[in-house]
1. Report the convex hull volume per residue for region 167-214, counting only C-alpha atoms, in Å³.
2. Take the Cα atoms of the chain, find their three principal axes, and give me the spread along each one in whole Å, biggest first.
3. Would you order 178, 108 from fewest to most other beta-carbon atoms within 10 Å of each residue's own beta-carbon?
4. Which FRET efficiency value, to the nearest 0.05, is calculated for residue 339 and residue 122 with the Förster distance at 56 angstrom and r the Cβ-Cβ distance?
5. To make sure I understand, if each residue's beta carbon is the centre and we count other beta carbons within 10 Å, what order do 106, 151 fall in, fewest to most?
6. Under the rule a/c < 1.5 gives rounded, and otherwise a/b versus b/c splits prolate from oblate, where does region 223-374 land using the Cα gyration tensor?
7. Taking square-rooted eigenvalues a ≥ b ≥ c of the alpha carbon gyration tensor, is region 214-273 rounded, prolate or oblate, where a/c under 1.5 means rounded and, failing that, a/b exceeding b/c means prolate?
8. Starting from 0.36 nm per residue, how many nanometres of slack lie between residue 107 and residue 269 once their C-alpha separation is accounted for?
């Protein structure tokens with residue numbers, strides 16, 4: 001069943017009126033996004049089962065909660081490139097493409113592939129708890145052997161094109177005005193769909209991931225579709241001063257603290273002067289089901305990024321951060337680092353963050369108590 005959205009053509013006056021309403025509601029939208037991020041960070045129950053948009057009785061996409069960027073991405077021509085990245089080579093829907101890829105690569109049925117997509121988190125937890133993960137080597141061992149994330153990430157790509165998930169790759173491509181000839185590194189490339197999108201837009205793409213099972217699956221998927229790309233199995237060195245853009249979407253929260261500074265510095269070194277680094281901080285309150293989210297606060301991540309010389313260039317929907325590579329040398333470089341330390345790493349900054357989290361937790365507790373009584 002096709003999941004492509006339909007769009008009515010509004011008269012000019014109605015369209016302008018709608019755009020004015022959206023602009024007026026933008027502050028409310030940003031506030032709701034921040035509330036949602038707080039709830040996500042404080043949730044200790046993990047992500048849980050993925051939803052299936054095609055399941056009987058499944059609700060339609062909650063378009064009323066879409067941000068302006070989300071709505072624009074769904075209507076963008078770039079979305080069609082992302083859809084094409086998921087479809088089967090011989091034709092079919094995005095859903096069929098995702099399940100067919102997984103079924104053929106892992107030698108299972110499409111029904112089993114669907115089940116493993118929906119229940120990926122339970123499988124991932126079993127893989128995580130199969131060995132100690134309290135060291136860098138233990139965490140590396142998880143990524144060297146886990147296969148559950150291939151099902152998680154593949155399905156989330158499908159959710160993005162079905163209208164259920166946040167279409168982050170398309171939003172980033174449109175905001176950066178990704179164009180032909182650009183050299184892009186997707187760091188923590190997963191199953192390769194973001195790299196496919198950039199390749200379809202004419203970029204030279206490189207995929208890098210510490211998880212060899214994911215990188216192998218991504219290479220297989222791209223080879224199946226004839227998409228040219230380069231591949232780096234981390235922690236192999238990245239080429240220096242080679243890329244216009246580096247994306248690391250929801251990746252940094254999985255980098256062990258012992259390796260965080262070196263990782264950020266390597267990404268900075270891989271960018272050409274003035275290049276852009278796009279990332280996000282999927283930090284979660286520590287719990288058993290959030291075990292692979294290694295940070296419960298984004299301040300340490302943002303501090304290391306700033307200390308490496310990155311300057312914030314843009315922030316989309318309070319969750320997608322765009323940085324520009326700068327220098328740490330000279331008066332301006334030292335002043336940038338000093339101010340970043342004040343905002344992100346100083347004792348007052350950490351105290352303020354703790355206070356904000358206490359208030360947020362208290363507010364959420366009150367909210368859920370009131371909701372439970374109704």
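1. 64
2. 57, 51, 46
3. Final ranking by Cβ density, sparse to dense: 108, 178.
4. 0.80
5. Final ranking by Cβ density, sparse to dense: 106, 151.
6. Here region 223-374 falls in the oblate category.
7. oblate
8. 54.3 nm
Quick note: the coordinates plus some simple rules give every number you see, no bench work behind them. Everything numeric here is computed off the predicted structure, so don't read it as measured data. Here the Cβ is made from the backbone with ideal geometry for all residues, glycine too, and neighbour counts use every protein chain on show.
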